[in-house]
Amino acid sequence: MSLRVLLLLIFAAALSPVLVIGGIRWASDIEREASNRREVMTLVAQEAASRAEYMLDTAPALLSLIDSIALGDPCAEPIRELIDALPAFANLGVIGAQGRILCSTQGVAPNSGYANTAWFTELQQSGARVVRSAAYQSAATGEWTFATALRRETARGAFDGAYLIGVPVSSLVAQLSRTTLGDDADLALVDSTGQVFASSHWTQLSPADTAKLGTGKPAFLELEAAEGGIRQMAVVPLAQNNLFAVLSAPKPTPIALENISAFGSFALPLLAWLLALVTAWLAMDRLVLRWLDYLRRIAGLYASGKLSVQPLRAKRQAPGEINVLADTMEEMATRIRDRTSRMEDALAARDAAMKEIHHRVKNNLQIINSLLSLQGRKLKDPAAIAVLDDARSRINALSLIHRSLYEHDNIRAVEARTFFSELTSQLDQALGAEDQGISIEASIDHDTLDADIAVPLALFTAEAVTNSVKHAFPSGRSTGKRVKVVYRVTEAEALLAVEDDGVGASIIAQTAAGQGIGATLMSAFARQVRGTLEEGASDSGGRRIFLRIPRLNGVTGAHPPLAGQGAAST
């Protein structure tokens, strides 16, 4: 994770108490808004209940007034005018002793009556002065109505019928204009059976919801409406009438206006938190991260060898701590540059000394070769001359290696193709192969050989080529005499082979018969490079001797460390 992200997380965590306090205040404001909403809804429901109670309680007094003014004719015309002046009431009627309607302010069917209704029977038999009916649908208007009946008596006190006045539910739950709940608020009445009047959202409450109304105290509920959705309901009971005034409104959503207004208490801490994070981000980028990136690029230049670069911009503009870091990096680069210069001078001096050593060794080998050549001219014994020629050939191979080392820039390694090509050319001249009609060829892959590997390979090649020139072509054959040096490189090994198209004389067999020491020397050279010496027939019918040298990580002659050495290094 980047430093910028880590520091941002730290700042966010450090400033989180501001958000927590703002969130607590927001939750508190939402709860306060919800509490205010419950109080407002309950107050509106209570006012609606008071209005309904007033209307229901006024009905008996109104009927008593009518009874007092209608002495002779209860269906007198002034009674109709009286009810017309009271629009909250409807259906004023006079009922006879048998339950038939004598007259009514609303048109009724002929011979209709209330003889079989519960309220008329109660009024007739119990002797009660006033009786209220359950809600019923008016035959004239079709709306739910509560009726109040006043007992009529004759002069002798006998039952003579009743005065009946209806109070429509719509008059009891008239919308209060000063409520702040919106147009979707709904005032209704609910009786003790759960039947809902004057509501567009319920007609009947479930038994479980109806049971919640029976406490006799104001309640606040959340119920699912018939059309779906949750509505909040404030319930206030009416005195004595087994009715409840109900005010319902949709439950506010999280994005409701009251919740959004409550969000203001959280918005300011949130804005301060975000502003602090942005400020911290810009400050980190401006004061720290920008300079760290600049110094990283300077370090990259140092890593590429450009040690003379100076972090001047950081020294001029960066904060003090970054300035100290820039000075330290510049001092480090200066010390590395000075140390590198001293090491390069030391390496140059060592390389010059090594080249001089190789040059002198090559000269000394040439002097030894010349001395052997002078000594050979004085010898008459062919066997002794052959021994001296073999020694001279091996000395020439060593001389070539030292010359290759001091003539190249890298004194610790030689290039395989150049090295073996020159070696075969020198062997051709030293052995007089051209005078004998023998062609010495070379087919070499590109490779870089360490000096410790090149020396035994050169001696191996000189020994094998010398053996082929001397023993592969007996006298009498004048054409088709060829010796070839082959060097092939693969990922796992390198192969150095010397093959001829001669008679196929075995070097190993000759050494075993005491005719030479070639195989002994070549076996020793193979061990020096940790290789394997093999011999067989060439494709042309001659002999082929080759050396397999292991390769590791692209280095010829390299080998894995021994188990003990590897453990010690770790």
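Kindly check whether there is at least one residue in the range 485-495 that is assigned to a strand (DSSP E or B), crowded, with 20+ Cβ neighbours inside 10 Å, modelled with pLDDT of 85 or more and touching a Ser or Thr at 6+ places or on another chain (Cβ under 7 Å). Yes, the conditions are met somewhere in the range 485-495. Take the conditions (1) outside any helix (DSSP H, G or I); (2) closer than 24 Å to LYS481 by Cβ; (3) of a type in the set (D, E, K, R); ASP428 misses just one of them, which is (1). In summary, HIS559 fulfils each of the numbered conditions (1) surrounded by 16 or more Cβ atoms within 10 Å (Cβ to Cβ); (2) modelled with pLDDT under 85 with the single exception of condition (1). GLN240 falls short on exactly one of the conditions (1) modelled with pLDDT of 80 or more; (2) surrounded by fewer than 16 Cβ atoms within 10 Å (Cβ to Cβ), and that condition is (1). The set of residues in the range 347-363 that are touching a residue at least 12 places away in the same chain (Cβ under 8 Å), of a type in the set (D, E, K, R) and under 27 Å from ARG392 (Cα atoms) comprises LYS355, GLU356, LYS362. Of the candidates VAL309, VAL361, VAL324, the single residue that is in a helix (DSSP H, G or I) and farther than 28 Å from LEU521 by Cβ is VAL324.
When LEU176 is tested against (1) buried (at least 18 other Cβ atoms within 10 Å of the Cβ); (2) at pLDDT below 80; (3) within 60 Å of the chain's Cα centre (by Cα), only condition (1) is not met. Candidates in the range 204-224 are the residues that are modelled with pLDDT of 80 or more and in a loop (DSSP other than H, G, I, E, B); of these, the one that is farthest from ALA52 (Cα to Cα) is SER206.
Applying the condition of being at pLDDT 80 or above and surrounded by fewer than 20 Cβ atoms within 10 Å (Cβ to Cβ) to the range 153-168 and asking which residue is nearest to LEU102 (Cα to Cα) yields ASP160.
For (1) exposed (fewer than 13 other Cβ atoms within 10 Å of the Cβ); (2) touching a helix residue (DSSP H, G or I) at 6+ places or on another chain (Cβ under 8 Å), each residue gets a yes or a no:
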position: LEU6; (1), (2): yes, no
position: ARG37; (1), (2): no, yes
position: VAL40; (1), (2): no, no
position: MET55; (1), (2): no, yes
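Report whether or not LEU271 is in a helix (DSSP H, G or I) and at pLDDT below 85. Taking the combined requirement at face value, the residue satisfies it. In the range 433-456, the residues that are in contact (Cβ under 8 Å) with a residue 60 or more places away in the chain form Cβ pairs under 8 Å with partners that are in a loop (DSSP other than H, G, I, E, B) and among the charged types (D, E, K, R), at six or more places apart or across chains, as follows: ASP450/ARG412.
The values are calculated or read from the model by the stated rules, or taken from the named source; none is laboratory data. All of these numbers come straight from a predicted model, not from anything done at the bench. Positions of Cβ are backbone-derived with ideal geometry, glycine not excepted, and every protein chain shown enters the neighbour counts.
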